[in-house]
Structures are given as C-alpha cells and as structure tokens.
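Okay, here's the structure, questions in a sec.
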Number of protein chains: 2
Amino acid sequence: MPAWIDRILMSAIEKMADPIPIRLELGAPSPADSSTPFTLPAIWLKDRRALFALVRNPAINFGELYSQGRLEIEGDLIRLLESLYRVPQGVIARTASRCYGWMQSNSLRSSRKNIHHHYDISNEFYQMWLDAEMVYACAYFPHENATLEEAQRAKLDLVCRKLSLRPGETVVEAGCGWGALALHMAKYYGVRVKAFNISHEQITFARERARREGLASQVEFLEDDYRNIAGSFDVFASVGMLEHVGRSYYGEFGRVIHRAIGNRGRGLLHFIGKNRRQPLSAWIRKRIFPGGSTPPLRDVMTILEPHDYSVVDVENLRLHYARTCEHWLNRFEQCYERVVERYGTVFGRMWRLYLAGSTAAFRAGSLQLFQLVFAGRACNSLPLTRDHLYRRTAGQGGQDMEWIHAMS
Amino acid sequence: MPAWIDRILMSAIEKMADPIPIRLELGAPSPADSSTPFTLPAIWLKDRRALFALVRNPAINFGELYSQGRLEIEGDLIRLLESLYRVPQGVIARTASRCYGWMQSNSLRSSRKNIHHHYDISNEFYQMWLDAEMVYACAYFPHENATLEEAQRAKLDLVCRKLSLRPGETVVEAGCGWGALALHMAKYYGVRVKAFNISHEQITFARERARREGLASQVEFLEDDYRNIAGSFDVFASVGMLEHVGRSYYGEFGRVIHRAIGNRGRGLLHFIGKNRRQPLSAWIRKRIFPGGSTPPLRDVMTILEPHDYSVVDVENLRLHYARTCEHWLNRFEQCYERVVERYGTVFGRMWRLYLAGSTAAFRAGSLQLFQLVFAGRACNSLPLTRDHLYRRTAGQGGQDMEWIHAMS
C-alpha cells in the first residue's frame, strides 16, 4: 500500500498523461500481471526514488528510468507511448520543450562528436538488425506485404526516380550512411557520386563495399563535413542528414547546396520533421541524437528560398517510417540477448525504448517524414508528371523516363 | 531619329531589362518589321509620353501602355516576357514590390468587390475561351498530347483522387468557380458537396448546371464568403481561391478549415504561389486581380500549423499551368475580334497581355502552382502510397483504393 506521498506523486503523473488513462504501480510487475491483456496499460516504478525522478523531469527521466530497469511497462510499450503522443498538449509536448542548449551545438567540431555518438557504436551492432543494404532511414513499402529488404530497395529506387537521374550525371550526397544510396545510384542509374559523411565507421564500411562491388571508380566516399563540399554537380541528395544540421546552420546549408548545384541543378531532402516548430524529445537528444532536431516544413523553406529553389514535390512518408521502425524493433528484439551481452542492459533497454518510441511517434503523427524535391530556376529537365515514379514496368534505371523541356 | 532625351529614357529602360537584350523603338512597327523573326524582340513605344510613362513606373505602365495600344511588341510576346521574368533581380522583381495597399484589402466587403471585378465580367466571355467544363484553373496534362478538355477533366479527377473521396462523404469547397469540381466529385465519387463562392454570375451558372445534370440534391451552391462556412465535413477543398484570401486572413482561413473538418478531416489547397515572398505584379493587381497574392509555401504553413495539420503531399504543377495558359491564349486569340467588339480594344489587349504574361511567368518559374494535401492528426484513412493516383485502370470513382488504417 503506497504512502500518502506516493499517492500525491502518482496522481501528479496521472494528471500529466490526462486524458490518457494510465495505471501507475509501485514495485515490479509479476509475470501474471502482463498476461492480462485487457486491463489498462500500467507503468511500474521500482521505488519512491524512481517516482520522484519521474515527477521531477518526466521528459528525461522516463527514458532514464526505463533504461535503468527502474520503470517497467506492463502491456504493449508502443501502444502506451502512441497514446501518450496523441495528446497534443500532454506531457510529451509540454516537457519536450525544456531546453538542453549545451547539447544543441552543430558546429563542425560538435557535429563530429554528435555523429560519432550515434553512428560509430559499431557496424556490427547495426548489422544485427538493419536490412542487408544497411539503410538506416525510412523505407518505402510499395505494398502492404513488402519485406523490409524490399522496402529499403524500393526507397533507394524511389529517391533515384524522384531525382530523375540520367547516366553520366554527377551527384553529391550529404550524409551517406553506409553508402547504400550512393552505390544504388551508381549501379542502376549510371551516375558518378561524391558522398560525404563524418562517421568514420560508416565511411570505412562504404568504401570497402564500393571496392568489393567494383564501383570505387564511380563513387567516392569522403570522410568530411557537408560544409566542406566542393565542386559542381547536377544533383544534390541528402537522406536523413538534415536532422543533424541544426536550424542555425540552415542558411549555410542552403549556400552549400547552391554552391554545389547552382541554378540548373535539382535536389532531394529526406528528413524527419514535425507539423510545427517543436523540439525533439529531450531524452532522445540526450541519449540518442545529440544535436538532433526535427524541422517543420516552414523552417526548411529558409534553406531553399534565398536561392530561388522551387519545391517540386513533397511526400509525407510518416506511415512508412512507423512500419520501418516496427521492423527494426522486431529484429532488434530477436538479437536483444546478444546486444545486452555486448553493450549491457542499460544500452539494450535504451535502444528498445528509442525504437518503440519512434514507432509510436510516427504512428501518432508527432513525427513526420518528408521527402522534398526541389529544382533551381534554370533547371530544364523536369518530368511533366509523377507518373514515372509509379510505373510497374520501370525497373532499375531511369532510361524510360519522359522529359519535357521547360526552356526551348 | 530620337532626340537626346529619348535616348536617355530608352537607355534607362534597356538597363532595367539587363542582361536581357531588348530593342526599343519609337513609333509604330510596320508589318514588314514583324516578319523578320531573327532580330531581337523589340518594344515599340508610340511617342515620348509613352516613353516617360514607362520609365516612371514600368511595373504598372508596361501593362497600361500595352492595353492602350501605345506599346507594341515586335516578335513573340510570350518569349519576350519570359526572358524578362527570368532575370531574378530584373525590372519585374524590383518594380513588382511597389505597394498598392489600397487595393490589397481582403475583408468581407472588399472581397466581394475584388471577386466581382474579375469573375463577374460575364459568363459568355469566359465561355468563349475556357474548356467545356468551364474550369478556370491550372489543368493537368497526363501526357504531352492531352487536349485542354482532357487536361481539365484529368485535373478534376486528380484532385478527387488526392483527396481519396469515398461515397457518402461530405465535402466543403471554398471558391467553386462555375462548379465543375463540385459536380465532378458528386457525380463520379458519390459525395455530397457544399460549395461556396461570392461571384454571383458563377453561382447562378453552377446552380443551373447542377439542376440540369440532376445533381442539385447532392451539390449545394452557396453565394457566400468562405468565412461564413458552417457545419462539419469530411473534406475541405479549395482550388484557386487562396490567391484571393490575403496573408492577413490566413489565421482566419485556418480556423475556418479547422471548424469545418476538425482533426479527423483532410483537405486540398490548389493555388498559385511563389518560391519566396514577393508581391504579385502590380499591374495584375491593379487591372486583373485586385486583392490577389501569390504566397510562398512558408506562408501557407501558417494556415496549417496552428491546427497541427500534416502536409501529406505537395505537387508543383507550374509547367501544367504554363500549358493551360497557352491553350487559353490560343483560344482567346481565336475569338479576339468578338471580345474587342463586345468589350473594347483596351479590354482585349489587357487580357491578351495577362494571358501571355501568365504563360511566361509559369514557364520562367516566377510563378508556381502548388497542389497541397493535408490531414488532421486524427485522420485515419491515408493511402500508404501515391500509386493509386497513377493507376491506368482507375477511372471514375475511388472504390479501387487501398487503405491503410494508421490507427488500430
């Protein structure tokens, strides 16, 4: 039986979740508790200290306590998080706005640290649960039953089609992960790619893969910051990197793009965003993505406007990212014991919460995934319709594309 | 031989067009002049007073002089205007920013006047050169050789598909023109529509058409302002109306949408926009669209953000609008004599310049056409992909659509 102080703290937490009914318990759930699926989802807090910590700073400490095993969820973790995310003015929205400025630097030096923190955990770790192509970004499910492998390949190809790549063109990629997109572009669309990334582990992996697949002469992987991109290109691509740029660098990001592709080029930005300006979860920024941010479209316009770039196409792939994260979580659970063995329980639980929370946030719409295509004012090779993106017969390669030339 | 004063004025004008080489002449072109297609395009000014007027206020007086027959273009009018539009910091961009605040009111009362000015010229006038469906907005050319009639029907259907209409749903349309979209929705998608418009001529026409086609029980045409929309609907649609709303009313426009469809609904905004905040041509606002404005996407976000609406899809149909205007101009030229007979030469030339200028502006990219789909945070019927928009077999009706339910 909890003491009166516990009851006060617990009712404070329940109020934060309002109108979502949650059940708070002190102690540890017994296996029997989790076998009764029809009760309210419950949050078990190990002791009064955990209860205090959650009341004091729920945005950070929900994640901290969960990671440390001092907070357990009885019932479906994703479902519970999803319902909390659906409360627009609820605990998550209110507490996420607490500032963690000291972690929010996106300078050249800080970016290296930020990226190292997440992407250099080890390639073996990501290989345990990513797809074979090692694509760590939203997949594209062309139909309900696509597998993760199919969906990631379909995403790579969708990006190439949206960019209307033609053989012999040059592409610069800012933030290339383990190189899957750059290699897909080179292999199936006959373009030459310079791909930038400041994660040492990823670049090493990508170079080795390019060499192994005989694409090293077509794709150059550079371990360098996007701010150091030099040279002229036909196309700019960036998948899952804008989240690491930081709003105060959007002006510079725009100038980098314009320096690279000028007024004749076209580009694609693929990024996690929000419906309006709202900080990314404080815990995610503390533990998972230091320096991360999820811009609303309005902010992204400040990258494009100064250079008179036209928005050509925006697609919201939120539901695809919810599925992608669900796949990742399922695979992660399958190798959970190995993860814990190698990286410890706290790390394992932290990552479980991050993947479950991301699934929930994309389902609930508190995160969005935007794929945005833009073109310079002198770009004269825009397809008239988006029909070619969806042609059943279109396979690998963009040769069957119809063009209209805006300028005569 | 022009006097020295003329030469100074002429060189001032040539400088405004820089770096576009234009030839300025005083007097009137002889028929022989316009038969030499390989010379520079020339602008003929009737006399020194015309020259003065153009130097004093090119943004307004280019159009005024052209309408009055005191400025003639030797060579291709669209081509000349297009090249002027392509100079980003040229005369058009610089002079367009002169403010005509007194015409820029979009209050309930002013909107009536603004809309009356343009849309109530007479239905017969628009019937002379619009398509059979009387669609006075950007068409959608599914392939290179589509006719205007095909393209307008394709556009109506594209809008319905983007909105994923299902039989029995309710739609509210803000700014319905002569009713083509509302009637298409009702006829082929089985929805009920309330369509608002403050143009008396258009509403009268639309009601008559609904009655004639036996759709009057499904489609209600209301001669009223969008601000007076009342009731609950599944879907909000607005094609070619946002340009008349005015930025200072975007907050109210957003509240009207939210009142109508809440958090479960979805909607489509189809509007002429710009890459960045820049006023619409001053002459166009003076003579053609009083109160008109062409927002950048960034401003449109201020309609959606307060209500947590997600941008689902944005398509830029700029090149389709260039084609549409070209079709309109060709048809207009075919009935030019009749137009002049009925409305006078100044009116005829004014409309020729407006249609040619619009063609040029869309070709040059100084105008964009955005079709934007958005959805509320509790909208649970979003198709997983955009594939259904492009299915060859999909015809009239949305029954073959695949759905995924975001919420379980």
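Taken together, the values in this text are just the output of simple stated rules run on the coordinates, not laboratory data. Only a predicted model underlies this, so the values are computations on that prediction, with no experimental measurement involved. Here Cβ is always computed from backbone atoms with ideal geometry, including for glycine, and neighbour counts include all displayed protein chains.
From Cα pairs below 8 angstrom and at least 6 apart in sequence, can you work out the relative contact order of region A:115-390, rounded to a whole percent?
20
While we're looking at this one, here's another question. Run through the other copies and list how far each one's label point is from that of A:ARG112, in nm with one decimal, shortest first; the point sits 7 Å from Cα along Cα-Cβ.
For A:ARG112, the other copies' label points sit at 6.8 nm, shortest first.
On average, how much area does the Cα convex hull of chain A cover when viewed from any direction, in nm²? Spell out each step's value before the answer.
Working: hull surface 81.9 nm².
Quarter of the Cα hull surface area: 20.5 nm².
Let me ask you something else. Taking amide H atoms as placed 1.01 Å from N in the peptide plane, list the residues 5 or more away in sequence, or in a different chain, whose amide H sits under 5 Å from that of A:GLY175.
A:PHE196, A:ASN197
Which longest run of chain B has no exposed loop site in it, a site being chymotrypsin sites (Phe, Trp or Tyr not before Pro) in a DSSP loop with at most 14 other beta carbons within 10 Å, and the site itself not part of the run?
Counting only loop sites that pass the neighbour cut-off, the longest clear stretch is B:39-402.
Follow-up question, since we're still on this one. List, largest first, the extents of the alpha carbons of the protein assembly as shown along their principal axes, each in whole Å.
Principal extents (Cα only, largest first): 97, 64, 47 Å.
Which of B:ARG386, B:ARG318, B:ARG352 ends up with the largest GNM mean-square fluctuation for chain B, with Cα atoms connected below 10 Å?
Maximum among the listed residues: B:ARG386.
Which net charge results when you count Lys and Arg as +1 and Asp and Glu as -1 among the other residues whose beta-carbon is under 14 Å from that of A:TRP129? Before the final figure, lay out each step's value.
Working: positive: A:ARG331, A:ARG338, A:ARG342, A:ARG352; negative: A:GLU124, A:ASP131, A:GLU133, A:GLU149, A:GLU326, A:GLU333, A:GLU337.
Summing Lys/Arg as +1 and Asp/Glu as -1 gives -3.
Rank these for me by crowding, B:HIS307, B:HIS143, B:HIS244, A:HIS270, going from fewest to most other beta carbons within 10 Å.
B:HIS143, B:HIS307, B:HIS244, A:HIS270
Please work out whether region B:189-299 counts as rounded, prolate or oblate from its C-alpha gyration tensor, where a ≥ b ≥ c are the square roots of the eigenvalues and a/c under 1.5 means rounded, while otherwise a/b larger than b/c means prolate and anything else oblate? Working shown, then result.
Numbers: a/c = 2.34, a/b = 1.40, b/c = 1.67.
Oblate.
Counting only residues 5 or more places away or on other chains, whose amide H sits under 5 Å from the amide H of B:VAL219 once H atoms are built in the peptide plane?
HN-HN under 5 Å from B:VAL219: B:VAL193.
Quantify how strongly other chains surround peptide B:381-390 by giving the mean number of their Cβ atoms within 10 Å of each of its Cβ atoms.
Mean inter-chain Cβ contacts per residue within 10 Å come to 5.
Then there's this: Taking the Cα centre of region B:106-390 as origin, work out the dipole magnitude from +1 charges on Lys and Arg Cβ and -1 charges on Asp and Glu Cβ, in debye rounded to 20.
Numbers: 38 positive and 30 negative charges, 143 e Å.
That gives a dipole near 680 debye.
To continue, here is another question. Most exposed first by the Cβ proxy, i.e. fewest other Cβ within 10 Å, how do B:ASP120, B:ASP308 rank?
Working: B:ASP120 15, B:ASP308 19.
Listed from fewest to most nearby Cβ atoms, that is B:ASP120, B:ASP308.
Let me ask something else about it. Under the Karplus relation 6.51 cos²θ - 1.76 cosθ + 1.60, θ = phi - 60°, what is the ordered set of whole-Hz ³J(HN,Hα) values for region A:222-236, x standing for Gly and Pro?
In residue order, the calculated couplings are 10, 7, 7, 7, 4, 5, 9, 4, 10, x, 10, 9, 7, 9, 10 Hz.
Using only the Cα atoms of region B:208-367, build the gyration tensor, take square roots of its eigenvalues as a ≥ b ≥ c, and label the shape rounded, prolate or oblate: rounded if a/c is under 1.5, else prolate if a/b is larger than b/c, else oblate.
oblate
What is the order of A:LYS46, A:LYS15, fewest Cβ neighbours within 10 Å to most?
By the 10 Å Cβ count, ascending, the order reads A:LYS15, A:LYS46.
May I pose another question? Please work out how many pairs of lysine residues in chain A are eight or more positions apart (or on different chains) and have Cα atoms closer than 28 angstrom.
Taking the Cα cut-off of 28 Å, the pair count is 14.
Just to confirm my numbers, what's the Cα centroid distance between region B:302-348 and region A:341-388 in Å?
First find each Cα centre; the distance between them is then 36 Å.
Moving on. Using a label point 7 Å beyond Cα on the Cα-Cβ vector, give me the inter-copy distances for A:GLY190 in nanometres, one decimal, shortest first.
Shortest to longest, the spacings are 4.8 nm.
Given label points at 7 Å from Cα along Cα→Cβ, what nm distances, shortest first, separate A:ILE8 from the same residue in every other copy?
Taking the point 7 Å beyond Cα along Cα→Cβ, the inter-copy spacings are 8.6 nm.
Whole Å is fine, so just give me how far the alpha carbon centre of region A:43-79 lies from that of region B:178-207.
Centre-to-centre distance over Cα atoms comes out at 55 Å.
With runs of 4+ DSSP H residues as the only contributors, calculate the mean residue ellipticity of chain B at 222 nm using -39,500 (n - 2.57) per run, divided by the residue total and rounded to the nearest 500.
Helices in chain B give a 222 nm mean residue ellipticity of -12500 deg cm²/dmol.
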